[in-house]
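Novice: First the structure, then my questions, so here it is.
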Amino acid sequence: MYNFDFEKPSTVADAVAALATEEAQPLGGGQTLLPTMKQRLASPSKLVSLTGIAEMKGVCKGDDGSVCIGGATNHATVASEAASQYPALAALAGGIGDPAVRNRGTIGGSLANNDPAACYPSAALASGATIVTNSRQIAADDYFQGMFTTALEEGEIITEVRFPVPEVANYQKFEQPASRFALVGVYVAKYADGVRVAVTGASESGVFRWTEAEAALSGNFSADAIDGLSVSADGMIGDLHGTGAYRAHLVKVLTKRAVAAAS
Amino acid sequence: MAKVSMTVNGKTVSGEVEGRTLLVDFLRSDLRLTGTHVGCDTSQCGACTVHVDGIAVKSCTMLAAEADGAHVATIEGQAAADGTLNALQQAFQDHHGLQCGFCTPGMVMAAADLLKNNPKPSEAEVRHHLEGNICRCTGYHNIVKAIMAASGQDVSQIAAE
Ligand SMILES: Cc1cc2nc3c(=O)[nH]c(=O)nc-3n(C[C@H](O)[C@H](O)[C@H](O)COP(=O)(O)OP(=O)(O)OC[C@H]3O[C@@H](n4cnc5c(N)ncnc54)[C@H](O)[C@@H]3O)c2cc1C
Ligand code: FES
Ligand code: FES
């Protein structure tokens with residue numbers, strides 16, 4: 001890893017100021033960024049740690065009933081503190097990686113990285129979450145822009161993520177056992193005004209909504225409702241762990257399992 | 001270089017580190033606490049597991065600067081001052097929970113983290129908790145057995161798979 005300057009501010013304003021330097025980058029839990037820097041795939045001149053910023057940590061309930069999670073909140077905290085308000089989201093957080101990864105890795109880091117096989121992007125998209133940054137609020141539908149690509153500008157920090165709480169929801173992760181990421185993951189959330197289905201791990205364009213399934217499930221929230229649908233293998237990730245056709249098949253299987261588990 | 005100070009196994013220590021110095025390198029190279037191992041250096045194997053402010057972390061994936069001011073616990077602080085092993089370490093010995101021993105410091109620290117929050121885990125909970133700790137020798141079975149035994153549970157019925 002190339003050397004860099006390190007700063008650990010205690011407010012969002014100081015972090016934004018520290019990030020104004022060229023080639024400066026925020027550091028969340030470091031569970032993705034440090035391995036990437038060891039491989040020399042990233043070489044920032046300065047890391048600005050966000051873990052000392054108290055206002056960016058913790059889980060709370062918003063005035064509109066949504067769950068608000070500070071951008072620097074680690075996965076283990078979400079798994080325990082969001083469990084009563086939004087159990088499906090807490091269960092997803094509790095299934096990320098392993099205990100040590102969950103003790104360091106943060107929701108802001110996961111959403112900023114937008115790994116095509118990460119878990120949180122599917123929850124944010126299926127819940128119609130709002131990504132709050134130091135300068136604006138971004139709807140999940142506008143935020144995810146393809147593998148490792150998001151609406152974030154250089155130096156912009158995710159300070160909070162707000163999840164409207166659904167009537168029922170469930171996340172099904174088909175785990176790739178070596179990496180512990182999702183080979184495919186499907187998050188289904190049922191709201192009063194309809195069902196949202198978001199798929200991670202499968203597409204070369206990153207997390208996406210399976211709109212045909214959403215339409216079918218909004219009319220009839222049962223696993224049989226999507227029997228007649230199929231997912232095309234076009235644009236699906238194919239690698240040594242599974243072909244595009246295999247992943248496409250898993251999308252439907254996992255969606256059915258998620259609906260069955262949620263209803 | 002920046003100065004960091006922290007409490008390691010109850011002792012206050014300090015040193016000069018670069019931004020990129022990993023916590024594991026500070027422990028091993030600066031403090032000469034070489035019980036914490038580096039198995040992969042890619043965040044996969046858990047051999048480097050230590051506790052920072054009471055929670056388990058992979059010290060190969062945390063900067064030393066991030067641990068400034070923290071309380072760090074490593075394998076060296078687990079036994080009593082006279083060398084008497086703690087209950088968990090003793091259980092690893094009694095139940096043959098190690099062969100080459102390379103993964104063992106990380107296993108013991110991960111298990112201690114589990115037992116702190118869940119004093120009587122089920123076998124499935126133990127296995128789930130060890131997902132981030134890789135052992136290439138034992139096949140895990142005796143590690144699970146040792147942890148169950150250390151939690152005071154009867155392990156005579158746990159059959160080898
Ligand atoms: C062994 C292992 C298994 C894993 N398994 C899974 C899994 O099953 N599912 C899963 O989803 N993930 C998994 N991960 C990834 C893990 O969840 C990471 O914690 C996460 O992807 C990144 O979060 P972080 O806080 O560590 O971010 P960092 O590594 O610190 O940063 C990642 C990127 O986000 C930026 N960033 C960080 N915080 C912010 C912020 N608040 N605002 C803006 N930008 C920010 C950084 O600059 C960097 O570009 C795994 C990781 C490991 C090592
Ligand atoms: S050496 Fe840290 S996880 Fe393997
Ligand atoms: S005892 Fe050899 S790696 Fe676990």
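Novice: Check each of the GluC sites (Glu not before Pro) in the range A:1-66 and keep only those in coil by DSSP with at most 14 other C-beta atoms within 10 angstrom; list them in order.
Specialist: On the way: sites: A:7, A:22, A:23, A:55; in loops: A:22, A:23.
Passing both the DSSP loop test and the Cβ count: A:22, A:23.
Novice: Expressed as a rounded percentage, what relative contact order does the range B:2-77 have, with Cα pairs under 8 Å and six or more residues apart? Provide the component values of the computation, followed by the final result.
Specialist: Working: 148 pairs, mean separation 29.6, N = 76.
It rounds to 39 percent for the range B:2-77.
Novice: Shifting gears a bit: May I ask you to derive the relative contact order of the range A:168-262, considering only C-alpha pairs under 8 Å and at least 6 residues apart, and to give it as an integer percent? Write down the numbers at each step before the final one.
Specialist: Values: 178 pairs, mean separation 28.3, N = 95.
Worked out over the range A:168-262, it gives 30 percent.
Novice: Starting from the Cα of residue A:38, draw a straight line to each of the lysines and keep only those under 20 Å, dropping any in the same chain fewer than 8 residues away.
Specialist: Straight-line reach from residue A:38, under 20 Å: A:46, B:58.
Novice: Using modelled backbone amide H atoms (1.01 Å from N, in-plane), which distant-in-sequence or interchain residues come within less than 5 Å of residue A:181's amide H?
Specialist: A:176
Novice: A follow-up question, please. Testing the spin-label approximation: label points 7 Å from Cα along Cα→Cβ at residue A:13 and residue B:34. State their distance in nm.
Specialist: With each label point 7 Å from Cα toward Cβ, the separation is 5.0 nm.
Novice: Let me ask something additional. Restricting attention to the protein assembly as shown, give the cysteines that have no other cysteine Cβ less than 4.7 angstrom from their Cβ.
Specialist: Result for the protein assembly as shown is A:60, A:68, A:119, B:100, B:137, no neighbouring Cys Cβ within the cutoff.
Novice: Follow-up. When the Cα centres of the range A:16-60 and the range A:155-230 are compared, how far apart do they sit, in Å?
Specialist: What the calculation gives is 28 Å, centre to centre.
Novice: Another one. Give the residues of the range B:117-141 whose amide nitrogen is closer than 19 Å to a point set 7 Å from the Cα of residue B:154 in the direction of its Cβ.
Specialist: From the range B:117-141, the list is B:120-124.
Novice: Go ahead and estimate [θ] at 222 nm for chain A from helices alone: -39,500 (n - 2.57) per DSSP H run with n ≥ 4, summed, over the residue count, rounded to 500. Each step should come with its number before you reach the end.
Specialist: Numbers: 10 runs with 80 residues, N = 263.
Per the formula, -8000 deg cm²/dmol.
Novice: From the helices alone, meaning DSSP H stretches of at least four residues, give me the mean residue ellipticity at 222 nm for chain B, per-run term -39500 (n - 2.57), in deg cm²/dmol to the nearest 500. Present the calculation step by step, with values, prior to reporting the outcome.
Specialist: Values: 4 runs with 39 residues, N = 161.
After summing the helix terms and dividing by the residues of chain B, the value is -7000 deg cm²/dmol.
Novice: Using alpha carbons only, how many degrees (0 to 90, rounded to 10) separate the axis of helix B:141-150 from the longest principal axis of chain B?
Specialist: 80
Novice: With Rg and the Kirkwood Rh both taken from Cα atoms, where does Rg over Rh land for chain A?
Specialist: On the way: Rg = 18.1 Å, Rh = 18.6 Å.
Across chain A, the Cα-based Rg/Rh ratio is 0.97.
Novice: Determine the shielding of peptide B:57-64 by partner chains: average, over its residues, the number of Cβ atoms on other chains within 10 angstrom of each Cβ. List each step's numbers first, then the result.
Specialist: On the way: counts 8, 9, 1, 3, 12, 8, 9, 1.
Going residue by residue through B:57-64 and averaging, the value is 6.
Novice: In the range A:41-77, which residues have a backbone nitrogen under 20 Å from the label point lying 7 Å from residue A:192's Cα in the Cα-to-Cβ direction?
Specialist: Within reach of a label on residue A:192, which here means backbone N under 20 Å from a point 7 Å along Cα→Cβ, the range A:41-77 contributes A:61-68.
Novice: Which trypsin sites (Lys or Arg not before Pro) does the range B:56-140 hold that lie in a coil by DSSP with at most 11 other beta carbons within 10 Å?
Specialist: Details: sites: B:58, B:116, B:127, B:136; in loops: B:136.
Passing both the DSSP loop test and the Cβ count: B:136.
Novice: Give the residue list of trypsin sites (Lys or Arg not before Pro) in the range A:133-197 that are DSSP loop and have at most 15 other beta-carbon atoms within 10 angstrom. Don't skip to the end; give the middle numbers.
Specialist: Values: sites: A:136, A:162, A:173, A:180, A:190, A:196; in loops: A:136, A:180.
Loop-located and lightly packed - A:136.
Novice: Can you give me the C-alpha center-to-center distance between the range B:61-121 and the range A:71-123, rounded to a whole angstrom?
Specialist: The distance from the Cα centre of the range B:61-121 to that of the range A:71-123 comes to 25 Å.
Novice: Under 14 Å from the Cβ of residue A:68, count the other residues' Cβ atoms, weight Lys and Arg +1, Asp and Glu -1, and hand me the total. The partial results should precede the final answer.
Specialist: Numbers: positive: A:57, A:61, A:162; negative: A:55, A:63, A:64, A:81, A:160.
Net charge in that neighbourhood comes out at -2.
Novice: Considering Cα pairs under 8 angstrom that are at least six residues apart, work out the relative contact order of chain B and quote it in whole percent.
Specialist: Details: 289 pairs, mean separation 36.1, N = 161.
Rounded, it is 22 percent for chain B.
Novice: Right, here's the next one. Once you've got the Cα coordinates, tell me which of A:8/A:57; A:173/A:256; A:61/B:116 are over 18 Å apart. Don't skip to the end; give the middle numbers.
Specialist: Numbers: A:8/A:57 15 Å; A:173/A:256 12 Å; A:61/B:116 29 Å.
The answer is A:61/B:116.
Values in this text are rule-based calculations from the coordinates and carry no lab data. Keep in mind that what you see is a predicted model, and the values were worked out from it rather than measured. As a convention, Cβ positions derive from the backbone with ideal geometry for all residues, glycine included, and neighbour counts pool all protein chains shown.
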